[in-house]
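Read the structure below first, then the notes.
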Amino acid sequence: MPSPRWVIPEVQPANHIEAGLRGIALPPLVRPPVEPFDEPTEALVLWGIRDYAYCSVAHIRTVLAGLMDLSATGNQPTILIVCRHIFEWTMHSCYMVEGLTAAIQKADWKSAWELLLEVSTGNNWVKTHGSKYLDVEFDELPNSLRIKKLVKAYERHQTATLGRKDVQDSYGYLSEHAHANAACFLSYTKIGGAEVSFVEAPRVHGFPGVLHASVIDWVMFTNTLLHLGKEDTVRLQLLTIIKSLADTARQDKL
């Protein structure tokens with residue numbers, strides 16, 4: 001199965017971003033005194049955006065740290081599975097930027113808050129199976145966001161900014177290696193005529209190019225979210241990472 005080019009420069013963007021995120025201290029957030037059944041306010045929405053962005057930073061930097069360990073061992077099959085997870089969170093953050101920007105431009109705090117509630121509390125498994133384990137009904141819990149919505153949002157972004165889209169291609173490649181199908185077996189077989197021999201998966205100390213592109217987009221989307229949330233503490237640290245990436249790219253071209 002053809003695979004996107006694996007990028008192994010001296011300093012990979014994903015490694016650079018992981019190191020930068022590691023140094024960010026996430027300050028605590030105090031929720032505005034808005035009751036559950038009160039009309040959402042701007043302050044509540046801004047708090048929700050910051051909460052989402054901080055959680056995203058905490059999660060992505062932890063997953064990226066795990067990817068660095070996988071790269072050190074050259075564990076290509078597991079790297080691909082984790083890259084798919086990060087790609088989904090990039091699409092998720094894109095979807096959030098799109099939805100929250102539209103709502104905030106209209107000062108529609110109710111719609112913005114409903115979106116934030118959907119992503120922070122939506123859980124299909126809990127809604128369907130949670131009552132088996134806790135004596136609580138979860139019927140009113142939102143469903144998880146469908147992946148097709150995230151794909152469409154990321155496609156719209158790529159079309160608007162790049163004039164093209166390759167989301168289906170990139171996500172499909174990562175998904176093929178994450179699902180239980182024949183793509184997973186390709187790394188372990190060597191065919192010579194009528195004979196099939198079985199080998200260890202190749203050791204690759206790097207990441208597919210699609211990871212670098214998506215995690216850079218994730219940083220950009222998270223920066224935009226924090227701008228929407230009128231937050232500068234963490235956002236300025238993300239801007240430092242973005243500037244450093246741009247400087248490194250310019251030096252590589254010299």
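Within segment 125-148, restricting attention to residues that are surrounded by 13 or more Cβ atoms within 10 Å (Cβ to Cβ) and of a type outside the set (Gly, Ala, Ser), which residue is nearest to Gly172 (Cα to Cα)? Talk me through it step by step, then tell me what you get.
Of segment 125-148, the ones surrounded by 13 or more Cβ atoms within 10 Å (Cβ to Cβ) are 126-127, 130-131, 138, 141-142, 144-145, 147.
Those still in the list that are of a type outside the set (Gly, Ala, Ser) too: 126-127, 138, 141-142, 145, 147.
Numbers: Val126: 27, Lys127: 28, Phe138: 33, Leu141: 30, Pro142: 27, Leu145: 18, Ile147: 12 Å.
Checked segment 125-148; the qualifying residue nearest to Gly172 (Cα to Cα) is Ile147.
When Val196 is tested against (1) surrounded by 19 or more Cβ atoms within 10 Å (Cβ to Cβ); (2) over 30 Å from Met96 (Cα atoms), only condition (1) is not met. Looking across segment 127-185, the residues that are of a type in the set (A, V, I, L, M, F, W, C) and either farther than 18 Å from Cys94 by Cβ or outside any helix (DSSP H, G or I) (or both) come down to Leu134, Val136, Phe138, Leu141, Leu145, Ala178, Ala180, Ala182, Ala183, Cys184, Phe185. Which one is farthest from Ser120 (Cα to Cα) among residues in segment 20-60 that are buried (at least 18 other Cβ atoms within 10 Å of the Cβ) and of a type outside the set (A, V, I, L, M, F, W, C)? Selected residue: Gly20. Yes or no: Thr78 modelled with pLDDT under 95, under 19 Å from the mean Cα position of the chain (by Cα) and in a helix (DSSP H, G or I)? Yes: the conditions hold for Thr78.
Of the residues making up segment 40-74, those that are in contact with a helix residue (DSSP H, G or I) (Cβ under 7 Å, 6 or more places away or on another chain), over 23 Å from Glu231 (Cβ atoms) and not hydroxyl-bearing (Ser, Thr, Tyr) number 5.
Cβ-Cβ distances below 7 Å connect the following pairs, each with a first residue in segment 40-54 that is part of a loop (DSSP other than H, G, I, E, B), a second residue that is of a type outside the set (A, V, I, L, M, F, W, C), and a separation of six or more residues or different chains: Pro40/Lys110; Thr41/Pro32.
The values are calculated or read from the model by the stated rules, or taken from the named source; none is laboratory data. What you see is a predicted model; the values in this text were computed from it and never measured. Because the Cβ atoms are built from the backbone with ideal geometry, glycine has one as well, and the counts that use them run over all protein chains shown.
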